[in-house]
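Trainee: Provided herewith is a single structure, encoded as structure tokens, for subsequent inquiry.
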Amino acid sequence: MTKRIKITTLLLSISFIAFGQELPKEKSANHIQIEGTNIFMIPPTSFERSTNFQGFQNPGDQTSMVMAIEIPGPYSEVSKAFNPEMLKKKGMTLKNKNKIKVAEFEGVIIELEQSANGLEFSKHVLIYGNEKSTTMINGVYLKDSLQLGEEIKRSILSTIVNTDLKTNPRETLNYSLNENVGSLKFKAVIGNGMLFNRDLKTPTESNDKATLITERSFAKVEIEDKKLFCISRLKKYPEDYSVIPSKGINEIEIDNLKGFELFAKNNEKENQEMYQVILFDNNGGYYLFVGTYEMGSEQAASDIKNIIQTFETAK
């Protein structure tokens, strides 16, 4: 993230237009609320409320979606990552970027292109927030689906945010945890997961740095070698982790779902340890739990394990 990447002359032609778009002031009869949020949108044709994430998707097309994610970080910091250089590091090309007002929030709407899994995607992304949190609404479609792209763009530009509406984002998840058994506090829902720590600061400033992040996979894919998958998952994190052999990789079962638990050390931060649990859904996909804390903080490890043991799916 800190290495510099040279910006090509192509990227120099990107347009940055100040307040080139406006969002509607009032809801129409076609606006639909994204469950668990204060966001209302007109979804693209054939799109329905998703049961896999907060947003809309076409049941017959898994390559397109409109998904809302709340990020527990200030807009002033989060928005800095959406510049040509940083996006190119992540394999994305910024095509356009416009400032926009979303309710009383500052925001931007951007257009991106990205290659993934051998496919070329385009994205229209609305980002807004304040110093407490940032919201990102991500519209994704295959690059050559031009008509769908226009529909998704219109959907993004139909966004209305009702700041007076009280919401409970946890109620949209199909699982629950009881953080009270481990003296952690709920911080935010991020996609299909939750963030917990002791002081509700991001990053946490508690003495033991205890943090628990959960996630439910979007895709219901079958995983053949589940133990290997749990080990390989360590390579997906932003920092470098490796299994602690002395603590083993153990089978675990919670709420009738089987999986594996393991402990790992952070090879970039010698004083940080991780406890990871992955439970596999009987219908495909998985639930991921990642607890991090200061090495030697046995209470933190115990608290995180106790919370994960309260995992329960909606019956």
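Values quoted throughout were computed directly from the atomic coordinates according to the rules given, and no laboratory measurement underlies them. Bear in mind the structure is a predicted one, so any value in this text is a computation, not a measurement. Backbone-built Cβ (ideal geometry, glycine too); neighbour counts: all protein chains shown.
Trainee: Given H placed on each backbone N at 1.01 Å, which residues far from ALA188 in sequence or on other chains put an amide H within less than 5 Å of it?
Mentor: The answer is LEU195.
Trainee: What list of ³J(HN,Hα) values in whole Hz, one per residue of the stretch 258-266 in order, does the Karplus curve 6.51 cos²θ - 1.76 cosθ + 1.60 (θ = phi - 60°) give from phi, with Gly and Pro shown as x?
Mentor: Values per residue, Gly and Pro as x: 9, x, 9, 10, 7, 10, 9, 9, 8 Hz.
Trainee: Now a separate question. Arranged from highest to lowest average of other beta-carbon atoms within 10 Å per residue, in what order do the peptides 32-45, 233-246 appear?
Mentor: Descending mean neighbour count gives 32-45, 233-246.
Trainee: Just for the chain, what percent of DSSP beta bridges are antiparallel, to the closest 5?
Mentor: 95 percent
Trainee: Tell me, what HN-Hα J-couplings in whole Hz come from the Karplus equation 6.51 cos²θ - 1.76 cosθ + 1.60 at θ = phi - 60° for each residue of the stretch 207-215, using x for Gly and Pro?
Mentor: These are the phi-based 3J(HN,Hα) values: 4, 8, 6, 5, 9, 10, 10, 10, 7 Hz.
Trainee: Sequence neighbours fewer than 8 away in the same chain don't count; with that in mind, list the aspartates and glutamates whose C-alpha is under 19 Å from LYS97.
Mentor: List returned: GLU22, GLU77, GLU85, GLU106, GLU111, GLU113, GLU150, GLU151.
Trainee: Mind pulling the per residue volume of the convex hull built on the Cα atoms of the stretch 158-281? Å³ is fine.
Mentor: Here the figure is 163 Å³ per residue.
Trainee: Tabulate in residue order the Karplus-calculated ³J(HN,Hα) for the stretch 161-166, using 6.51 cos²θ - 1.76 cosθ + 1.60 with θ = phi - 60°, rounded to whole Hz; enter x for Gly and Pro.
Mentor: 10, 9, 5, 8, 7, 8
Trainee: To continue, here is another question. Need one number: convex hull volume per residue for the stretch 71-190, Cα atoms only, in Å³.
Mentor: 157 Å³
Trainee: Once each part is reduced to its C-alpha centroid, what is the distance from the stretch 252-294 to the stretch 39-101 in angstrom?
Mentor: Centre-to-centre distance over Cα atoms comes out at 27 Å.
Trainee: With the cut-off at 14 Å, report for the stretch 244-296 the share of all Cα pairs above it, as a whole percent.
Mentor: Summing the P(r) of the stretch 244-296 above 14 Å gives 55 percent of all pairs.
Trainee: Checking the table LYS90/LYS235; LYS99/LYS187; LYS80/LYS209; LYS209/LYS269; LYS166/LYS187; LYS258/LYS305 against a 18 Å threshold on Cα-Cα, which pairs fail?
Mentor: LYS99/LYS187; LYS80/LYS209
Trainee: Provide, as a two-decimal number, the C-alpha radius of gyration of the chain over 2.2 N^0.38 Å, N being how many residues it has.
Mentor: Here the answer is 1.05, to two decimals.
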